[in-house]
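**Q** What follows is a structure written as structure tokens; I'll ask about it next.
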Amino acid sequence: MVADMLCVHKNLDLRLALCSKSTFSALSDDEMNSIRILINSAIPDPEVKGDYTIVGVWHNEFKSYKSPSLKLKVRNVDRFIFKTGTGEATIEINLKLRRLVSEIQDGEIDTDSIYNGFNDNLRLIWDHFLSWES
């Protein structure tokens, strides 16, 4: 759940996001109403010290690709940490070789098959995601 707030006195926009490791299939009306009341009751006042502190800002762009044999996630991330005054921009890649891992866990695979499967997956990634014609 995401809520956008306009802070007139501070000349900024604020986005509040509710994050959870578990997936919410549907919040009840009471839960949604409680969250709305909490968000609407927030009053940005430059004269009052609050309990909330912004420690960092992240901007993410995320793409995910899936097939029966692998799962590839690519993220472009811009981060700025206010405490240290540092920022970074990174490209993060997460690769899960689903079929290969399940075969290794089942004990149905030998070393040559692992090498060939890994090689095939890397060739697939290279051909479809990393190589391009000039």
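Here is a yes/no grid of residues against (1) among the β-branched types (V, I, T); (2) in a loop (DSSP other than H, G, I, E, B); (3) at pLDDT 80 or above:
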{"position": "V57", "(1), (2), (3)": "yes, no, yes"}
{"position": "G87", "(1), (2), (3)": "no, no, yes"}
{"position": "G117", "(1), (2), (3)": "no, no, no"}
{"position": "F129", "(1), (2), (3)": "no, no, no"}
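**Q** Within the range 89-115, work out how many residues are in a helix (DSSP H, G or I) and of a type in the set (S, T, N, Q).
**A** Of the residues in that region, 4 qualify.
**Q** Here's something else I'd like to know. Listed residues K83, K66; which is modelled with pLDDT of 75 or more and closer than 30 Å to Y115 by Cα?
**A** K66
The values are calculated or read from the model by the stated rules, or taken from the named source; none is laboratory data. The structure presented is a predicted model; accordingly, all values stated were derived computationally and were not measured.
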